[in-house]
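Below is one structure, written out as structure tokens; the observations come after it.
What follows is calculated from the coordinates using simple rules that are stated; it is not laboratory data. Predicted, not measured: the structure shown is a model, and the values here were computed from it. Cβ coordinates were reconstructed from backbone atoms using ideal geometry, including for glycine residues, and neighbour counts include every protein chain displayed.
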Amino acid sequence: MAVSSTMLPLGTPAPDFALPEVTDDATVSLDGLSDAPVLVVVFLSRHCPYVKHLEARLATVATDLQQQGAAFVGICANDAEAYPDDAPAMLAEQKRTVGLPFPYLHDASQAVARAYGAACTPDFFVFDRDRRLAYRGQFDASRPGQGEPSGQDLVAAVQAVLAGEQPPADQRPSIGCSIKWRHDTPA
């Protein structure tokens, strides 16, 4: 069942994180990404049809925006025991196969996803130089079986922040698969 992102209030500071990269277990932290003028945090998964719909285009968009100065990080917080396709080894395979050009992290405790208010995959958060939330919402208006993904909403937001401007005020929630919460994780 599709769910929408929670639309965290604009201006919210980026919650801290230090999580393992799925390909080599190296720890990646918010502090380690502090030099970029824009940080895009995207919650992803491997099994979700909404992610599958846009992951190839996301790889291209991320490459282009990284060349313009943005930093990207992907995070999967799904319960890997209940959803083995979202276990770190499978996420590493997804990263290689799709060519995701950014760190892809595993949030086993799900604490980071909760801190961000992540609700679905994909779920996008764009932070400015001061790591204040400037955009949260959809990649674009396409959905599985309904149009080809362009990334136009995310691109417009990131380019606005890179230019020192506010992203468009019309920010629409992302729609995707719900994050698969562990039953033993406090709400």
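Only beta bridges with both residues in the range 2-178 are counted; by DSSP, about 70 percent of them are antiparallel. Panel order for C120, C48, by other beta carbons found within 10 Å of each beta carbon, from fewest to most: C120, C48. With the simple spin-label model, which puts each label point 7 Å out from Cα in the Cβ direction, the A82 to D24 separation comes to 3.3 nm. The helix-only estimate of mean residue ellipticity at 222 nm for the chain, built from DSSP H runs of length n ≥ 4 each weighted as -39500 (n - 2.57), is -8000 deg cm²/dmol after division by the residue total. Sequence-ordered 3J(HN,Hα) estimates for the range 49-57 from the Karplus curve with 6.51, -1.76 and 1.60 and θ = phi - 60° stand at x, 5, 5, 4, 4, 10, 4, 5, 5 Hz, glycine and proline given as x. Karplus-derived 3J(HN,Hα) values for the range 15-21, using 6.51 cos²θ - 1.76 cosθ + 1.60 with θ = phi - 60°, are x, 5, 7, 8, 10, x, 6 Hz; glycine and proline are entered as x. Taken as Cα centroids, the range 1-43 and the range 104-134 sit 4 Å apart, rounded to the nearest whole angstrom.
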